[in-house]
Amino acid sequence: MSKRSFILNRSAVTYDAQMREWLAQYKYRGNERYAPLLAEMLLRAYALLHRETNIHLHKRGLKNPRAEPWNVHAVTSVPVSDERLRERGFNQAEVLAHGLAFRIKLPYVRLLERKRHTDKQSFKSRMDRLKDMEGVFGAVQHVPDVLGVINRQAANRIPSPAGTSHSRMKGPFRILLVDDIYTTGSTINACAEVLRSYEANLEMPIEIYSLTWARS
């Protein structure tokens, strides 16, 4: 990957034999009772990500009395193709992202769509994966409007001097992108590229952080 468009990825578990069976039960056999468990595991990974990132900012000396702690402003997920949706009946990443967003009290917003179907990536080389991801994802309609609304809502939660108000944040605008498995990062990067293309519309940097249930 020549240029990475996301900041970092954190995963809840290593994709070992037991975790592979859990995901198969949930993703391919439709065993919905696994969803709350997997979402809870994601919550723990998010808590660690939140703690680590704020510690990192503090060590870099970026924390000052006026600085806001690191926080995410919206949660979204990697989309699946219509073919996969018909095959499985649900988007496993979207369900997990909804569960996580509810637990951390952040808005879940559908920002991405898959423009074309791709074959399963499991047995493909890194180069083939990167090639497959070119032009796969696009943004849903009204993304700038949705991001603008969330931006204003987040600004209203920031304390301001008496008699003043914030119309918008100064940035960066942070999006948490959720998926089930992280392998090479090509899928996450392709999604991040699309989301970051809206920086000009939002008039501020957009930072993408990836949270995946497992890392293979």
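Throughout, read-outs are computed from the coordinates displayed, never taken from laboratory work. It should be emphasised that the depicted structure is a prediction, and the values quoted were computed from it without experimental measurement. Quick reminder, even Gly has a Cβ in these numbers, built from the backbone with ideal geometry, and neighbours come from all protein chains shown.
Quick notes on this one:
- Of the two radii for the chain, the radius of gyration is 0.97 times the Kirkwood radius, both from the alpha carbons; that is the Rg over Rh value.
- FRET efficiency for Val140 and His117, using Cβ-Cβ distance with R0 set to 25 Å, rounded to 0.05: 0.90
- Charged side chains reduced to their Cβ positions (Lys and Arg at +1, Asp and Glu at -1) give the chain a dipole of some 520 debye around its Cα centre.
- Cβ-based net charge around Ala101, under 12 Å, with every Lys or Arg adding one and every Asp or Glu removing one: +2
- Annotation for Leu57 and Leu37: the two label points, set 7 Å from Cα along the Cα-Cβ direction, are 3.5 nm apart.
- Cross-link reach list, aspartates and glutamates versus Lys170, counting only Cα pairs under 19 Å and skipping chain neighbours closer than eight places: Glu68, Asp145, Glu199, Glu203, Glu207
- Distance violations [Cα-Cα > 28 Å] among Lys27/Lys59; Lys3/Lys105; Lys27/Lys115; Lys3/Lys59: Lys27/Lys59; Lys3/Lys105
- The Cα-based radius of gyration and maximum Cα-Cα distance (Dmax) for region 1-92 are 17.3, 52 Å.
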